[in-house]
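Chemist: First, the structure itself, so that you have it in front of you.
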Amino acid sequence: MGVGIGLGCAEFPFSGAAAYWRWIDMCEAGGVDSIWQTDRIVGRQPFLESMTTMAALAGRTRRMRFGMNVVSLAFRDPVLLAKQCATIDMLSDGRLLPAFGIGSPLAPEWQALGIDTKTRGRKTDECLDIIRRLWREESVDFSGAFYQLKGVTIAPKPVQPDLPMWIGGSTDAAIRRTARIGTGWQTGGDPPAEAGRVVAAIKAAAREAGRSIDEDHYGAGFAFHFGSRDAPGVGRSMDAYAKRTGRDATHAFAIGDADTILARIAEYVDAGVSKFILRPLGGDDDTILAQTRLLIEQVLPRAEARWPRRPKTSDR
């Protein structure tokens, strides 16, 4: 099972667009698998909007794939989102990796957009059905509790004949959703043992549904830093994570050297995960770029040698 290592941002950690594009260009040249953008709409911290970021990446890059980690479907119109994804996939020649979820009930967007959190699961399921059908069918009729469509068509269709549909979340509903409709799964921060439990549950549920998901379509992510927890911003980031999630921050951060990061990757690989979104920690542009360069030089070659990818004939 080959390992793919992508990089991502949660909040926008750069001083401006020039530094961000320096980072993207470094990743493109350095063999990074993919770039991922966390989906946030409102808040005091700077976040890039996911869909416009993906469109910009389509024009800036030629090799890397890119995705949103993950789009909260209840915040968006499914027809417009299906159209945006299809357009970006076409303009990037099939490099979009869309990932979807229901969103945290604590997110500020629910109040800002006037949406009831109690409906998020049902709205998400309807959105997923609509988006999948619009990508594949010439004319879509849909009658649901939240959305009504009659004879709706989008063109052009995505370049990828079976555009990926990665699903996020670890609840029983997310497991069933992934098994029913997903082409991959992305953990929302679960430690390796819990991620392994969910992977096993998705595989079992998919078998019951008469489906299968590729063995290498299970993903996880964590933040990394070459150095110590005493480095500027590292300890603060770990404390903030623990406070926000109520979880032990240890599994969500790999602080140390290349061996530390590779060991964390190996824990997830042993649990059935092979796609990764790693987030460099740093208090300024130069630190983030330096951390990324260290990952490219010291981790990516060793990961490729340890877990070489097999040739693929279909989308990953």
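The values are calculated or read from the model by the stated rules, or taken from the named source; none is laboratory data. As the structure is a computational prediction, the values presented were derived from the model and not from experiment. Every residue, glycine among them, receives a Cβ derived from its backbone with ideal geometry; neighbour counts consider all protein chains shown. Surface areas here come from the heavy atoms of the whole protein model, side chains and all, with no ligands, DNA or RNA. Shrake-Rupley method; radii C 1.70, N 1.55, O 1.52, S 1.80 Å.
Chemist: Work through the residues other than ARG60 whose Cβ is under 9 Å from its Cβ and net out their charges, Lys, Arg +1 and Asp, Glu -1. Numbers along the way, then the final one.
Modeler: Values: positive: ARG62; negative: ASP25, GLU28.
With Lys, Arg at +1 and Asp, Glu at -1, the neighbours total -1.
Chemist: Search the structure for amide H atoms under 5 Å from the amide H of VAL71, placed 1.01 Å from N in the peptide plane, and list their residues when 5 or more places away or on another chain.
Modeler: ALA99, PHE100, GLY101
Chemist: Something else about it: Ranked highest first by average number of other Cβ atoms within 10 Å, how do 247-254, 9-16, 84-91 line up?
Modeler: Working: 247-254: 17.9, 9-16: 16.4, 84-91: 20.8.
Descending packing order for the listed peptides: 84-91, 247-254, 9-16.
Chemist: Give a residue-ordered list of calculated ³J(HN,Hα) values for the range 152-160 (Karplus: 6.51 cos²θ - 1.76 cosθ + 1.60, θ = phi - 60°; whole Hz; x for Gly, Pro).
Modeler: 8, 10, 10, 8, x, 6, x, 5, 5
Chemist: So if I place +1 on the C-beta of Lys and Arg and -1 on the C-beta of Asp and Glu, and nothing else carries charge, what would the dipole magnitude of the range 209-262 be about its Cα centre? I want it in debye, nearest 20.
Modeler: So the dipole magnitude of the range 209-262 works out to roughly 420 debye.
Chemist: Where the accessible area of the chain is counted over protein heavy atoms with a 1.4 Å probe, how much of it, in %, is carbon and sulfur? Each step should come with its number before you reach the end.
Modeler: On the way: 7310 of 14010 Å².
C and S fraction of accessible area: 52 percent.
Chemist: Separate question: If you place +1 on the Cβ of every Lys and Arg, -1 on the Cβ of every Asp and Glu, and leave all else neutral, what size is the dipole of the range 1-69 about its Cα centre, to the nearest 20 Debye? Don't skip to the end; give the middle numbers.
Modeler: Details: 7 positive and 6 negative charges, 21 e Å.
Value, rounded to 20: 100 debye.
Chemist: Springs between alpha-carbon atoms under 10 Å, Gaussian network over the chain: tell me which of PHE142, PHE66, PHE100 tops the mean-square fluctuations.
Modeler: PHE142
Chemist: Please go through the range 1-58 and write out the trypsin sites (Lys or Arg not before Pro) that DSSP classes as loop and that have at most 14 other C-beta atoms within 10 Å. If you can, show how the numbers build up before the last one.
Modeler: Working: sites: ARG22, ARG40, ARG44; in loops: ARG40, ARG44.
Hits after loop and neighbour filter: ARG44.
Chemist: Using modelled backbone amide H atoms (1.01 Å from N, in-plane), which distant-in-sequence or interchain residues come within less than 5 Å of TRP185's amide H?
Modeler: Residues meeting the criterion, in which the H sits 1.01 Å from N, are ILE167, TYR218, GLY219.
Chemist: Over what distance in Å are the Cα centres of the range 1-16 and the range 20-89 separated?
Modeler: Centre-to-centre (Cα) distance: 11 Å.
Chemist: Would you please state which residues of the range 237-270 a label at ALA193 would reach in this model, taking the label point 7 Å out along Cα→Cβ and a backbone N cut-off of under 18 Å?
Modeler: 246-253, 264-270
Chemist: Here is a follow-up. Taking 7 Å along the Cα-to-C-beta vector as the label spot, tell me the GLN45-LYS150 distance in nanometres, rounded to one decimal.
Modeler: Roughly 4.5 nm, to one decimal.
Chemist: Mind ranking 160-172, 120-132 by how tightly packed they are, going by the mean number of other C-beta atoms within 10 angstrom, highest first? List each step's numbers first, then the result.
Modeler: Values: 160-172: 18.8, 120-132: 20.5.
Going from most to least packed, we get 120-132, 160-172.
Chemist: May I pose another question? Run down the lysines and flag those whose C-alpha is under 28 Å from the C-alpha of LYS150, throwing out any fewer than 8 positions away in its chain.
Modeler: Qualifying lysines at Cα under 28 Å: LYS83, LYS118, LYS123.
Chemist: Stretched out fully, how many nm does the piece from ARG62 to SER212 gain, at 0.36 nm a residue minus the Cα gap?
Modeler: On the way: separation 150, 0.36 × 150 = 54.00 nm, distance 3.05 nm.
Net length gain for the segment: 50.9 nm.
Chemist: Using 0.36 nm per residue of separation minus the Cα-Cα distance, give me the extension gain between GLN111 and ARG247 in nm, one decimal.
Modeler: Full extension from GLN111 to ARG247 adds 46.5 nm.
Chemist: In the range 66-92, which residues have a backbone nitrogen under 16 Å from the label point lying 7 Å from ARG180's Cα in the Cα-to-Cβ direction?
Modeler: Of the residues in the range 66-92, 73-74 have backbone N under 16 Å from the label point off ARG180.
Chemist: Express as a percent, rounded to the nearest 5, the fraction of DSSP beta bridges in the chain (both residues included) that run antiparallel. Let's see the in-between values first.
Modeler: Values: 3 of 35 bridges.
Around 10 percent antiparallel, to the nearest 5.
Chemist: Treating only the Cβ of Lys, Arg, Asp and Glu as charged (+1, +1, -1, -1), what charge dipole size does the range 112-250 show about its Cα centre? Round to the nearest 20 debye. Mind showing how you got there, number by number?
Modeler: Working: 21 positive and 18 negative charges, 67 e Å.
Charge dipole, the range 112-250, about its Cα centre: 320 debye, nearest 20.
Chemist: Moving to a separate point now. List the residues whose amide H sits under 5 Å from the amide H of TRP36, counting only those 5 or more places along or on another chain, with H placed 1.01 Å from N in the peptide plane.
Modeler: Here LEU7, GLY8, CYS9, GLY67 satisfy the definition.
Chemist: A follow-up question, please. So, in nm, how far is label ALA231 from label GLU304 when the simple model puts each one 7 Å beyond its Cα toward the Cβ?
Modeler: 2.3
Chemist: Can you work out ³J(HN,Hα) from phi for every residue in the range 127-141, in order, using Karplus 6.51 cos²θ - 1.76 cosθ + 1.60 and θ = phi - 60°, giving whole Hz and x for Gly and Pro?
Modeler: Each residue's phi maps through the Karplus curve to give 4, 4, 4, 5, 4, 4, 5, 5, 6, 10, 9, 6, 8, 10, 9 Hz.
Chemist: What ³J(HN,Hα) values, in whole Hz, does the Karplus curve 6.51 cos²θ - 1.76 cosθ + 1.60 give for the range 277-291 when θ = phi - 60°, with x put for Gly and Pro?
Modeler: Rounded to whole hertz, the list is 10, 9, 10, x, 9, x, x, 7, 4, 4, 5, 5, 5, 5, 4.
Chemist: Would you calculate a helix-derived [θ] at 222 nm for the chain, using -39,500 (n - 2.57) for each DSSP H run of n ≥ 4 and dividing by the full residue count, to the nearest 500? Walk me through the numbers before you get to the answer.
Modeler: Values: 11 runs with 130 residues, N = 316.
It lands at -12500 deg cm²/dmol.
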